[in-house]
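The values are calculated or read from the model by the stated rules, or taken from the named source; none is laboratory data. Fair warning: this is a prediction, and the values are worked out from it, not measured in the lab. Because the Cβ atoms are built from the backbone with ideal geometry, glycine has one as well, and the counts that use them run over all protein chains shown. The area values use the complete protein model at the heavy-atom level, side chains included, leaving out ligands, DNA and RNA. Shrake-Rupley method; radii C 1.70, N 1.55, O 1.52, S 1.80 Å.
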Amino acid sequence: MVVTIKDIAKEANVSIATVSRYINQNGYVGIESALKVKEAIKKLGYKTKNTVNTTSKLNLIEVDFPKINNPFYS
């Protein structure tokens with residue numbers, strides 16, 4: 001069975017947003033809620049998805065010019 005953040009939220013009796021903020025370490029999560037979420041994650045055996053090399057993202061922009069020798073484009 002795949003454990004989702006909805007399952008964790010239900011087990012910890014907190015909102016899905018709270019679980020998401022806890023997992024992503026993004027935004028404020030109260031100490032009490034964090035402890036509930038941490039215990040629910042441990043109890044249910046939640047594993048994050050494996051992402052392949054998330055630190056090496058390419059940001060590319062492709063620009064197509066109809067005629068490269070046109071002075072308007074330079």
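Observations
- Size of electric dipole in the chain: Cβ of Lys, Arg +1 and of Asp, Glu -1, about Cα centre, debye, nearest 20: 260
- These residues, 48, 18, 4, go from largest to smallest accessible area, 1.4 Å probe, as 48, 4, 18.
- Relative counts (whole %) of C-alpha pair distances in the chain, using bins that are 5 Å wide: 3, 14, 18, 14, 8, 8, 6, 4, 4, 5, 5, 6, 4, 0
- Spin-label model distance (nm) - residue 10 vs residue 70, 7 Å beyond Cα toward Cβ: 5.9
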